[in-house]
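Each value in this text was obtained by applying a stated rule to the coordinates, not by laboratory testing. The structure displayed is predicted, hence computed values, not measured ones. Please note: Cβ atoms are built from the backbone with ideal geometry, for glycine as well, and neighbour counts cover all protein chains shown.
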Amino acid sequence: MNDTADVQLPLLPRSVAIYMHDLSSGGVERLTLTLADEFSRFGIRTTLLLHARRGDFLDQVPEGVEVVAFGTWREIADLPPLMSFLRRARPDVLLSSLNHNNIIAVWARLLARVPTRVVVSVHNTLSEEVAALGGWKYRAMPTLYRRFLPLADSVVAVSQGVAEDLSKVARVQLGRISVIHNPILHRNFDALAAEPVPHRWLQPGAPRPVFVSVGRLVEQKDFSTLLRAFSLYRRAHPGRLVVLGRGPLLEQLQAEAAQLGIQDDVDFAGFSPNPLPYLHAADLFVLSSRYEGFGNVLVEALGCGTPVLSTDCPHGPREILEDGAHGRLVPVGDAAALAAGMEQRGAGPWTPETLRARARAFSSDVIARRYIEIFAEAGGTA
C-alpha cells in the first residue's frame, strides 16, 4: 500500500484517543487498529481507550499506540474514567465507534469540560439493529442519538446508506453526517494475502470449486440461506464451502448442514486472525447478509482479486460494488439466486486487476486522510 510517511497535511492534531468496547474479532475492531496505525504513522499520538482489555486482536495493536483499559462492570461505568482521562491527557480529538460508546463519549466531553473535539462514527444500520437486537438498550438508541448527537463536533457514517438511515431514524440532519468508508487495504495487505492458506480444501490440486464466506455466526449474516443455496448448487455441481467465523449459531448451522445432506462439503473453520489467504485462494467469495453497515470483507476479497457474490442488502455492498459493476448482487434471503450466482462464479465483466483497482479506493492511507480532514473541520487541531 502507499507510504504515508512523507504526506503533508495541514492542521494535524497532536493527539487522538479512540474509544471502543474491546478488541474482539469483528470488522470494527480490525479497522480501528488499522486507523490507529495510520494516525500513528502520521506522527499523531494515538491512544486506544477500551471498556475491557480483551479480544483476539489484543496482540495486533500497532507499535507506538498506547492502550488504556477501564475495566468497569458495564459501559455506562466507563463515564468517570473516560472523563478523568480527558481531563488528564486532553487529547485534541476523541473518536468513538459503536452506538453506546458514542453516547458515552459525548457525555464524557460535556461533563469533563475540556476542549477535546468529539467525532462519533456509526458502523451499522440503526433501524436494522433496533429491529434485530430488540432489548431496551437498542430501542433507546434513536432517542439518545436524537438528543445527544447534535452535541458531537462531527458525525461519521461508513456508507451513504447508513448515513441516510441514521438521518431518518434519529432525525440527525443529513448534512451533518460525513460518509467515510472503512479502511481495508493496509500497507501489509498484499503480504498477508500471500501467506500460505492452512485449509486442505484450498491447497493446489485439491478439487474445485471452493466457496468461502466470512462473518460472525449470527442472524445478521444469514448463513442459513447460504447453506440452502449451497445445497441447491450441490444437486448438480461439485463444490465445497468454507465458512470462517464463530458465534452462537454454530451448532444450529451444523445441524442445518446435516439436515440438507451437505455436511461433508461444508467446513465451519472457526475464527482466523488473517482470513486473506482464504479469500485469495477461493474461487468465489459469498456474502449472504441480511444487512451490513459497510461490508469490509467484500473489499478484502476484491483486494485479493477474487470474484464476489453478495446479497443486495442494506447498505454497503451496492456502494462497494458500484451497482454490480465489480461483483454480482442478488436479493436478500433468496437461496435460488445465490445458488445461480455460485454456478456463474467469476463470469462477468471483471478481472482480478479491475477488482484490485476498485479495492484501492478503500486504502487505509486514503481513508485516514479523510478522518484527519474531518478532525481539522471539527477544530481538533494543535
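Sorting 278, 138, 233 by the number of Cβ atoms found within 10 Å of their own Cβ, with the fewest placed first, yields 138, 233, 278.
Between residue 174 and residue 271, the FRET efficiency from the beta-carbon distance, with R0 = 45 Å, is close to 0.80. In terms of its C-alpha gyration tensor, segment 189-362 has a rounded overall shape, because the principal axis ratio a/c (a ≥ b ≥ c, square roots of the eigenvalues) stays below 1.5. If R0 is taken as 51 Å, the Cβ-Cβ distance between residue 208 and residue 147 corresponds to a FRET efficiency of 0.40. In plain terms, the residue of 177, 103 with the fewest other Cβ atoms within 10 Å comes first and the most crowded comes last, giving 177, 103. Identify which of the listed values of percent of Cα pairs over 31 Å apart was calculated from the structure shown: (1) 45; (2) 32; (3) 36. Label of the calculated value: (3). Full extension of the chain between residue 260 and residue 138 yields a length gain of 40.4 nm, computed as 0.36 nm times the residue separation minus the alpha carbon distance. Each of residue 63 and residue 351 was given a label point 7 Å from its Cα along the Cα-to-Cβ line. The distance between the two points is 3.8 nm. As a length-normalised measure over Cα pairs under 8 Å and 6 or more apart, the relative contact order of the chain settles at 17 percent.
Hey, fewest Cβ within 10 Å first, where do 264, 153, 190, 165 land in order?
Listed from fewest to most nearby Cβ atoms, that is 264, 190, 153, 165.
Calculated mean residue ellipticity at 222 nm for the chain: -11500 deg cm²/dmol, from DSSP H runs with n ≥ 4 weighted as -39500 (n - 2.57), summed, divided by the residue count and rounded to 500. Counting 0.36 nm for each residue step from residue 343 to residue 195 and taking away their Cα separation leaves a gain of 50.5 nm.
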